[in-house]
Structures are given as structure tokens and as C-alpha cells.
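Worksheet: the structure to be examined is printed underneath.
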Amino acid sequence: MGEPTVKTEEGRGVTPSPITHEEADAKHVATGASRDAATAPVDTTEPTTGRTPSKPVDERTPPRRDHMWLRRARSPRRPRLWFEILLIAVSYWTYSLIRNAVPERRAKALENANWIWHAEQHLGIAVERSVNHAVNSVTWLIVGMNYYYATLHFIVTIGVLVWLFRRHPGRYAAGRLVLFATTAVALLGYYLYPLAPPRLMAGNGFIDTVVHHETWGSMASGNLKNMSNQYAAMPSMHIGWSLWCGLTIFALAKAPWTKILGLLYPTLTLVVIVATANHFWLDAVGGMICLAFGFAVSYVWYGSLPARLPRDVDADGEDGAGRWSRAFRPLARTGTVAPPTARDASTARGGSVTGTGSAAASSASSRGTHTTSS
């Protein structure tokens with residue numbers, strides 16, 4: 001009887017042969033057979049699963065088109081000046097239109113104001129009237145606060161937006177979204193909870209400082225009062241916007257004195273809105289809640305706070321879909337994605353063209369795997 005036959009099949013490991021290396025060499029010499037590595041069985045099994053791969057994996061497959069659009073929209077990109085100017089102008093016009101279109105409901109607004117005033121007295125924080133009278137006694141100070149209330153609310157906010165646009169373009173869109181979301185939810189507050197400012201509460205001793213000193217200080221007083229909704233005091237967007245400016249400056253500015261100014265701005269704004277009798281303390285709390293909502297919206301959309309996003313990005317975004325589109329622009333003409341070659345696949349893995357199959361062939365050749373029959 002002869003030696004048992006040892007068969008090899010593609011996709012299976014080679015069964016160890018009982019023939020020793022010396023006997024194999026002797027047989028090769030006697031028969032003149034050549035030990036060619038190219039004819040040796042190759043182990044094509046995957047090291048982890050032990051199965052033959054059904055098809056090559058294309059590591060360059062682009063994401064789906066709908067996912068590409070969403071990824072692009074949620075990726076920070078360098079803003080365009082003309083678009084931002086148009087967007088801010090249209091947004092502020094819409095905000096003013098909706099705010100002034102909210103029904104004033106004077107009786108309900110005064111009722112809510114009385115409730116808040118009594119609630120603050122019960123809590124022991126009803127000091128608005130004392131601050132109003134104390135600051136009003138210093139003419140130059142209260143007149144300066146009137147102009148502060150009417151102007152810096154817009155000047156500083158626009159200034160911070162311009163600073164973000166120029167120095168932190170990668171964080172601009174996220175910061176702008178915080179501001180827009182804050183303002184949008186404030187409009188809902190104006191509609192659901194009309195509130196009269198303290199200066200319009202007759203019989204409670206508050207002084208309308210703009211009327212008293214005959215200064216141009218508020219669109220809700222004097223000759224301009226008919227152009228604005230006077231009963232939209234809750235929440236205070238003077239606090240919402242100024243706190244957004246202060247936190248943005250504190251988080252992104254490098255100079256310590258600039259950070260300090262960033263924190264002082266909303267603090268001084270809080271004193272101004274109370275001293276001019278335009279808001280209660282609780283109106284400021286409402287503005288802070290709206291700002292927290294704005295930050296939450298931005299975090300959900302961009303996956304991070306504005307200060308933690310990259311400072312600068314290209315036109316397509318730091319991690320946006322623009323790179324995918326550039327990488328697959330040549331392939332888009334044919335509508336198909338070519339499968340990777342052996343060299344491409346090995347290069348993507350950081351290796352050489354020689355793979356596991358070549359190593360297995362060399363190993364099998366050195367051991368001299370043979371087939372014998374009885």
C-alpha cells in the first residue's frame with residue numbers, strides 16, 4: 001500500500017504531510033519535479049473569520065447623497081460677507097415686525113407686571129425702584145444710561161459678530177445660531193407672556209428716565225413709543241444679547257483685560273435696564289434662559305459649543321462633505337466607483353503589495369507540500 005493522499009483545496013489550510021523534509025527533497029531529486037512557489041496552494045482565508053472574502057472592500061465608497069447634504073449643512077464653513085449682511089438685515093427686520101405685531105394686551109401686561117413686582121417683594125429682591133431713584137438723582141449718569149440702553153444693545157452685538165466673522169470664521173456660524181435661536185424663543189415669550197415695564201406701572205413710584213430728562217433713549221418712550229410694542233419686556237433681550245457678547249468675548253479673547261470687559265458688559269447692562277425702569281430682575285432671568293436654549297440648539301446642530309469648534313475652516317468646512325465631492329469628482333462622470341486594485345488596497349493598509357497569500361505560498365514551498373497516491 002502506498003502513502004495516503006494529502007489533498008489541498010482553496011479556502012482551507014494545508015494538511016500537514018507525514019513525509020519529512022529529507023524524504024521530500026529526495027523525491028524531488030528523483031522525479032525532477034520543480035518546487036515552484038507559483039503552483040503551491042495559497043491560503044486565502046481571513047485570519048479572523050476563516051472564510052473566503054466574497055468581494056473586495058472599497059474603502060473609497062462615498063456617503064449617500066442625502067447624508068452628504070446633512071453633513072455639509074452641519075459642518076462649520078467660512079462665511080460669505082454678502083450672505084451674512086443680507087441674513088442679519090432680514091432677520092432683524094423680521095424680528096422687529098413680529099415683536100411689534102404681537103398684541104399689546106395692556107390690561108394683561110399690567111396684571112403680569114403687578115404679579116412679578118409682588119413676587120419680588122415676597123422674595124426680598126424688589127430693589128428696582130430704589131435703584132431707579134438713586135441713579136436718576138445723578139443727571140449725567142442716568143442720561144448716559146439712557147443712551148447706553150438705546151445704542152450699545154445693537155452696536156456691541158454687531159461688533160462681536162464682525163469680530164467672529166474676521167477672526168474666528170469657523171466658529172461664526174455656530175455663534176450666530178446661538179444668537180438667532182435665543183431671539184426666536186424670545187418672540188414666543190413676548191406672545192405668551194405680555195409684560196409691562198416698571199416705568200409704565202402707575203402708582204408704584206417708578207420714573208421713566210427718558211421722559212423725565214427729555215433724552216432720546218428708547219423706542220418705547222417719548223415720540224417713538226408708537227413704533228414699538230411697549231409690553232414686550234419678558235424676556236429681556238438686552239440681557240440675552242449682552243450675555244452672549246460677554247461669554248463669546250470671554251471664551252475666545254486672548255488678552256486678560258478683554259476677557260474682563262467681556263464679563264463687565266452684561267453686568268453693566270443689567271444695572272442699566274433696572275436703573276432706567278425698563279425691566280425687572282426676573283426679566284433678566286428670562287433672557288438668560290433664552291440664551292441657554294440658544295446654546296443648546298447650537299450644540300445639538302454642530303455637536304459642540306462654538307468656542308470648541310475649529311477657529312478657521314475652508315469654504316467646504318473642516319470635516320464637511322466637500323472633501324468627498326472633490327475626491328470623487330473624476331468618478332462621478334461614469335457614475336460608478338472602481339474597485340481598488342491590490343496595490344491600492346495594500347497602500348491603504350500602509351503595507352506593501354506582498355500579502356498573506358504570498359507569505360503562505362513561500363511557506364508551503366519551503367516545506368515541500370506534495371500529493372502522492374497508493
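The values are calculated or read from the model by the stated rules, or taken from the named source; none is laboratory data. All of these numbers come straight from a predicted model, not from anything done at the bench. Neighbour counts are summed over all protein chains in view; Cβ atoms, including those assigned to glycine, are modelled from backbone coordinates with ideal geometry. Heavy atoms of the whole protein, side chains included, go into the accessibility calculation; ligands, DNA and RNA do not. Shrake-Rupley method; radii C 1.70, N 1.55, O 1.52, S 1.80 Å.
Please find, within the range 77-102, the residue that is most open to solvent (accessible area, probe 1.4 Å) out of those that are within 16 Å of residue 190 (Cβ to Cβ) and β-branched (Val, Ile, Thr).
Here the residue is 98.
Hey, among the residues in the range 103-127 that are among the hydrophobic types (A, V, I, L, M, F, W, C), open to solvent by 50 Å² or more (accessible area, probe 1.4 Å) and part of a helix (DSSP H, G or I), which one's nearest to residue 281 (Cα to Cα)?
Keep residues of the range 103-127 that are among the hydrophobic types (A, V, I, L, M, F, W, C), which gives 107, 109-110, 113, 115-117, 119, 123, 125-127.
Adding the requirement that they be open to solvent by 50 Å² or more (accessible area, probe 1.4 Å) leaves 107, 115, 123, 125, 127.
From what is left, the residues that are part of a helix (DSSP H, G or I) are 107, 115, 123.
Working: 107: 21, 115: 13, 123: 12 Å.
Among those that are among the hydrophobic types (A, V, I, L, M, F, W, C), open to solvent by 50 Å² or more (accessible area, probe 1.4 Å) and part of a helix (DSSP H, G or I), it is 123.
Somewhere in the range 182-198, is a residue touching a Leu at 6+ places or on another chain (Cβ under 9 Å), surrounded by fewer than 20 Cβ atoms within 10 Å (Cβ to Cβ) and touching a residue at least 40 places away in the same chain (Cβ under 8 Å)?
Within the range 182-198, not a single residue is touching a Leu at 6+ places or on another chain (Cβ under 9 Å), surrounded by fewer than 20 Cβ atoms within 10 Å (Cβ to Cβ) and touching a residue at least 40 places away in the same chain (Cβ under 8 Å).
With respect to residue 140, is the statement that it is over 37 Å from the mean Cα position of the chain (by Cα) and in a helix (DSSP H, G or I) true? Walk me through it before giving the result.
Working: over 37 Å from the mean Cα position of the chain (by Cα): yes; in a helix (DSSP H, G or I): yes.
Yes: the conditions hold for residue 140.
Just one of (1) modelled with pLDDT of 80 or more; (2) under 24 Å from the mean Cα position of the chain (by Cα); (3) among the hydroxyl-bearing types (Ser, Thr, Tyr); (4) part of a helix (DSSP H, G or I) trips up residue 325, so point out which.
(1)
Do any residues in the range 257-280 that are under 15 Å from residue 141 (Cβ atoms) and in contact (Cβ under 8 Å) with a residue 24 or more places away in the chain have Cβ atoms under 8 Å from those of residues that are among the acidic types (Asp, Glu) and in a helix (DSSP H, G or I), where the two are at least six apart or on different chains, and which pairs are they?
Every condition considered, the pairs that remain are 273/283; 274/128; 277/128.
Does residue 143 satisfy the criteria of being open to solvent by less than 40 Å² (accessible area, probe 1.4 Å), farther than 20 Å from residue 283 by Cβ, touching a Ser or Thr at 6+ places or on another chain (Cβ under 8 Å) and not small (Gly, Ala, Ser)? Break it down stepwise before answering.
Numbers: open to solvent by less than 40 Å² (accessible area, probe 1.4 Å): yes; farther than 20 Å from residue 283 by Cβ: yes; touching a Ser or Thr at 6+ places or on another chain (Cβ under 8 Å): yes; not small (Gly, Ala, Ser): yes.
Yes; evaluated as a whole, the condition is true for this residue.
Would you be able to say whether some residue in the range 204-224 is polar (S, T, N, Q), crowded, with 16+ Cβ neighbours inside 10 Å and modelled with pLDDT of 95 or more?
First, the residues of the range 204-224 that are polar (S, T, N, Q): 204, 209, 215, 218, 221, 223.
Applying the additional criterion that residues be crowded, with 16+ Cβ neighbours inside 10 Å yields 209, 215, 218, 221.
Checking the rest, the ones that are also modelled with pLDDT of 95 or more come to none.
For the range 204-224, residues polar (S, T, N, Q), crowded, with 16+ Cβ neighbours inside 10 Å and modelled with pLDDT of 95 or more: absent.
Residue by residue through the range 265-290, note down the ones that are in a helix (DSSP H, G or I), closer than 20 Å to residue 114 by Cβ and touching a helix residue (DSSP H, G or I) at 6+ places or on another chain (Cβ under 8 Å). Lay out the reasoning, then the answer.
So the first thing to find is which residues in the range 265-290 are in a helix (DSSP H, G or I), and the list is 265-275, 281-290.
If we keep only those that are closer than 20 Å to residue 114 by Cβ too, we end up with 273-274, 281-286.
Passing the criteria: 273, 274, 281, 282, 283, 284, 286.
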